[in-house]
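Asks: Have a look at this one.
Here, each number is a calculation from the coordinates, and none is a lab measurement. Keep in mind it's a predicted model, so treat the numbers as computed, not measured. Glycine also receives a Cβ, built like all others from the backbone with ideal geometry; neighbour counts cover every protein chain displayed.
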Amino acid sequence: MTEKVFTDYFFDKTAFNVHDAAYVPLVVPEVPETKLLIPSILKPDKETATDAWYTLTAQAGETQMLPGAKTKTWGYGTSVLGQTIVYQVGKHNHVTLQNQLPELTTFHWHGLGVTGPYVDGGCHAPVYPGESKTIDFTLNQPGATTWLHPHPCPSTAEQVWRGLAAMVIVKDDSENGLNLPHDYGVDDIPVILQDRFFEDDNQWDYRKRYDPDGIQGPTPVINGTVNPVFDVTTQKIRLRILDGANRREWRLHFSDDLPFVQVAGDSSLLPHPVTMTHLMITCAERAEIVLDFKDYQADDTVTLFTDDTPLIQFKIHEFSANHTTIPERLYTIHTPEVDSNTAIRKIVMSGMDEMVMLDGKKFEMERIDATQPIGLEQYWDITNTNDMKDGMVHPFHVHGTEFLVISRNGKAPYPNEHGYKDTVGVNPGETVRIQVRFYLPGLYMYHCHILEHEDGGMMAQIQSFEPGQPLPQYELMNMDKMTAALAKERGIDPKDLWLGGMESYMKMGMKM
Ligand SMILES: [Cu+2]
């Protein structure tokens, strides 16, 4: 069989964020090389054959990112980003969420199939400073690379910018049994892609660099490391790539146009591996790729780039030959078809800057926008109306479940989006059809994952419910309570409180 190699990005080139007047190009940092930071794995406090107990702490700290002053950062159990969390499918997890930050936060499990709105950790699940909460859940979903980040509206973007983001690996038997690299930190590597604006004192100033279309910075920061190198000691490595940036898309390729094989997307393995030389990833998406260094030898270097900017240098060391091949069938999707009588849910993402909206409205925490019975397979048609000035790609995310990408403007989805996903980039002027089924009850958010767009109101919420049962009522957060708490925590008058997303509501004369 001849192997097809895709040699170009799948997204619409005209919509790449580089055409935006406010685009901040990346620059190559003039700092010494640093070893790529590999976050340690969060150890359970206690574990039995059936249950695991964890304590997760959101905390403030300082991180040596550049020569000179340390950068003030936030992280989960570490000074920045967070320890990597590994959950086994079928195990009952008990997680204590501790907030040692100076202000309220939430712990959102992006990509985990857990009940909403409290376990899911969206805006209705605040943990106040000095307090803790315990959640418990059992996962029943495919093995995947997911992540944890804060989600307090409208301060998600600022809290992620301050450093809160951790990789969450879901392990299941079928993925564990496949011949793929599995040795965490050796040949199975987390790669969290972010960009930051370092001010002269090496600090990050969110308000100073705020942009309603998404804050950007010129410095690539990978796993919290600037100018990283990774020592390769095996012929093959697997990269679990997460776009953890507030707004930036990454257009990834390697030196020598080295082909690589994508084996997984957001929420599952792909049915079949896809070989490519160029991969574009939008905010919050994940891609697992396998690289084979068979044509390289000790002292060679392979570089990962986004556009023309180097991100990571892979320094090749001696390795033993690995003649194994990636299985041609990685994952089988068992999803029932959508009943032809089921109405198609239409969702519209529109506007740029402060005008961003979802279905012509801005998000309101106390408004439930839609309902869907548990178990119902439904098509959702997501339209991005931004076709002015080449528009921009909006990455659309649904909480609490995994979906399938069915079509793009009626045509086949991209070759690397045939597995389950929870985030899909929608090109300007495009309608992407996804197939959504909820399997747990809850109130779940769905939104653009450019973090300033979600804070700015390009977001809504849907209640999934058990058919034939009374709809559960949830205690919902509201904006007055949220802003009063944040103002008190910051020791200021509520009228002096500044939150990025607030400007998008105020400039449009809308209530938050
Ligand atoms: Cu958007």
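Asks: Are there GluC sites (Glu not before Pro) in the range 272-372 that DSSP puts in a loop and that have at most 16 other Cβ atoms within 10 Å, and which ones? It would help to have the intermediate numbers written out before the result.
Replies: Values: sites: Glu285, Glu288, Glu318, Glu328, Glu337, Glu354, Glu364, Glu366; in loops: Glu285, Glu318, Glu328, Glu337, Glu364, Glu366.
Sites meeting the loop and neighbour criteria: Glu318, Glu328, Glu337, Glu366.
Asks: With θ set to phi - 60°, apply the Karplus curve 6.51 cos²θ - 1.76 cosθ + 1.60 along the range 90-106 and write out the HN-Hα couplings as whole Hz, x wherever there is a Gly or Pro.
Replies: x, 8, 8, 9, 10, 10, 8, 9, 10, 10, 9, 7, x, 9, 4, 8, 10
Asks: Another one. Roughly how many whole Å is it from the C-alpha centroid of the range 160-215 to that of the range 72-132?
Replies: Taking the Cα centre of each part, the range 160-215 and the range 72-132 sit 15 Å apart.
Asks: For the range 34-176, what is the charge dipole size about the Cα centre, in debye to the nearest 20, if Lys and Arg each add +1 at the Cβ and Asp and Glu each add -1 at the Cβ?
Replies: Details: 9 positive and 12 negative charges, 88 e Å.
In debye, rounded to 20, the range 34-176 gives about 420.
Asks: For the pair Asn140 and Glu366, how long in nm is the line joining their label points, each one 7 Å along Cα→Cβ?
Replies: About 3.5 nm separates the two model spin labels.
Asks: Can you work out D for the range 34-176 in µm² s⁻¹ from Stokes-Einstein, where Rh is the Kirkwood radius over C-alpha pairs, the temperature is 25 °C and the viscosity is 0.890 mPa s?
Replies: Reported coefficient: 158 µm²/s.
Asks: Further, regarding this structure: Hey, got a sec? Which GluC sites (Glu not before Pro) in the range 1-110 land in a DSSP loop and have at most 10 other Cβ atoms within 10 Å?
Replies: Values: sites: Glu3, Glu30, Glu33, Glu47, Glu62, Glu103; in loops: Glu3, Glu30, Glu33, Glu103.
Counting only loop positions with at most 10 other Cβ atoms within 10 Å, the GluC sites (Glu not before Pro) in the range 1-110 are Glu3, Glu30.
Asks: For Leu242, what charge total do you get from the other residues with a beta carbon under 9 Å from its beta carbon, if Lys and Arg give +1 and Asp and Glu give -1? It would help to have the intermediate numbers written out before the result.
Replies: On the way: positive: Arg240, Arg286; negative: Asp243, Glu285.
Neighbour charge sum, excluding Leu242 itself: 0.
Asks: Tell me, what is the FRET efficiency for Lys315 and Lys13 to the nearest 0.05, using R0 = 35 angstrom and their Cβ-Cβ distance as r?
Replies: On the way: r = 32 Å, r/R0 = 0.92.
Efficiency for this residue pair is about 0.60.
Asks: Over the Cα atoms of the chain, each weighted equally, I'd like the Debye log10 I(q)/I(0) at q = 0.07, 0.11 Å⁻¹, rounded to two decimals.
Replies: -0.34, -0.91
Asks: If amide hydrogens are placed 1.01 Å from N in the peptide plane, which non-local residues have theirs closer than 5 Å to the one on Val114?
Replies: So Val114 has HN proximity to Gly400.
Asks: Farthest toward the dipole's positive end in the chain, which of His418, His94, Leu404, given Cβ charges of +1 (Lys, Arg) and -1 (Asp, Glu) about the Cα centre?
Replies: The Cα lying farthest towards the positive end belongs to His94.
Asks: Something else now. Could you please rank Glu452, Glu503, Glu158, placing first whichever residue has the fewest other Cβ atoms within 10 Å of its Cβ? Walk me through the numbers before you get to the answer.
Replies: Working: Glu452 28, Glu503 18, Glu158 25.
Taking fewest neighbouring Cβ atoms as first place, the list is Glu503, Glu158, Glu452.
Asks: Give the lysines whose C-alpha is closer than 30 Å to that of Lys70, dropping any in the same chain fewer than 8 places away, or say none.
Replies: Straight-distance partners of Lys70: Lys35, Lys43, Lys208, Lys315, Lys488.
Asks: In the chain, if the dipole is taken from +1 on Lys/Arg beta carbons and -1 on Asp/Glu beta carbons about the Cα centre, which of His317, Leu178, Pro472 is farthest to the positive end?
Replies: Result: Pro472, furthest along the dipole toward the positive end.
Asks: What number, in percent, do you get for the relative contact order of the range 1-84 if the mean sequence gap of Cα pairs under 8 Å and at least 6 apart is divided by its residue count?
Replies: Details: 79 pairs, mean separation 15.9, N = 84.
Taking the mean separation of contacting Cα pairs over the length of the range 1-84, I get 19 percent.
Asks: A further question on this structure: Taking C-beta distances below 4.7 angstrom as the pairing criterion, name the unpartnered cysteines of the chain, in sequence order.
Replies: For the chain, the answer is Cys283, Cys448, because their Cβ atoms have no other cysteine Cβ under 4.7 Å.
Asks: Rank the residues Met482, Met510, Met459 as a footprinting-exposure proxy: fewest other Cβ atoms within 10 Å of their Cβ go first. Provide the component values of the computation, followed by the final result.
Replies: On the way: Met482 21, Met510 14, Met459 30.
Final ranking by Cβ density, sparse to dense: Met510, Met482, Met459.
Asks: For Gly457, enumerate residues with amide H under 5 Å from its amide H, sequence gap 5+ or separate chain, H modeled in the peptide plane.
Replies: Distant-sequence amide H within range of Gly457: Phe363.
Asks: Sort Asp51, Asp8 so that the residue with the fewest other Cβ atoms within 10 Å of its own Cβ comes first and the one with the most comes last.
Replies: Working: Asp51 14, Asp8 10.
Ascending number of Cβ neighbours within 10 Å: Asp8, Asp51.
Asks: Quick one: which residues, 5+ away or cross-chain, put their amide H under 5 Å from the amide H of Ile215? H built at 1.01 Å from N.
Replies: Glu452
Asks: Per residue of the range 387-401, in order, report the coupling 6.51 cos²θ - 1.76 cosθ + 1.60 (Karplus, θ = phi - 60°) as ³J(HN,Hα) in whole Hz, putting x for Gly and Pro.
Replies: Once θ is set to phi - 60°, the couplings for the range 387-401 become 10, 6, 6, 6, x, 8, 7, 9, x, 9, 10, 10, 7, x, 7 Hz.
Asks: Additional query: From the helices alone, meaning DSSP H stretches of at least four residues, give me the mean residue ellipticity at 222 nm for the chain, per-run term -39500 (n - 2.57), in deg cm²/dmol to the nearest 500. Before the final figure, lay out each step's value.
Replies: Numbers: 6 runs with 39 residues, N = 512.
Calculated from helices alone, the mean residue ellipticity at 222 nm is -2000 deg cm²/dmol.
Asks: Roughly how many debye, to the nearest 20, is the charge dipole of the chain about its Cα centre, given +1 on each Lys and Arg Cβ, -1 on each Asp and Glu Cβ, and no other charges? Don't skip to the answer; put the middle values down first.
Replies: On the way: 42 positive and 70 negative charges, 146 e Å.
My answer is approximately 700 debye.
Asks: Still on this structure, I have one more. Only bridges whose two residues both fall in the chain count here: according to DSSP, what percent of them are antiparallel, nearest 5? Please report the intermediate quantities before stating the final value.
Replies: Values: 84 of 124 bridges.
Roughly 70 percent of the beta bridges in the chain run antiparallel, per DSSP.
Asks: Once you charge only the Cβ atoms, +1 for Lys and Arg and -1 for Asp and Glu, what is the size of the charge dipole of the range 8-104 about its Cα centre, to the nearest 20 debye? Let's see the in-between values first.
Replies: Numbers: 7 positive and 10 negative charges, 60 e Å.
Dipole about the Cα centre, nearest 20: 280 debye.
Asks: Follow-up question, since we're still on this one. So for each of 141-149, 488-496 I average, over its residues, the number of other beta carbons within 10 Å; can you give me the resulting order with the highest mean first? Don't skip to the end; give the middle numbers.
Replies: Details: 141-149: 24.1, 488-496: 11.1.
Descending mean neighbour count gives 141-149, 488-496.
Asks: What is the range 34-176's relative contact order, in percent, from Cα pairs under 8 angstrom and six or more apart in sequence? Don't skip to the answer; put the middle values down first.
Replies: Details: 348 pairs, mean separation 35.4, N = 143.
Reported relative contact order: 25 percent.
Asks: Here's something else I'd like to know. From the residues Ile135, Ile189, Ile237, which one has its Cα farthest along the dipole of the chain in the positive direction, the dipole being from +1 and -1 charges on Cβ of Lys/Arg and Asp/Glu about the Cα centre?
Replies: So the residue we want is Ile135.
Asks: If each of Asp295 and Met508 carries a label point 7 Å out from its Cα toward its Cβ, how far apart are those two points in nm?
Replies: 4.9
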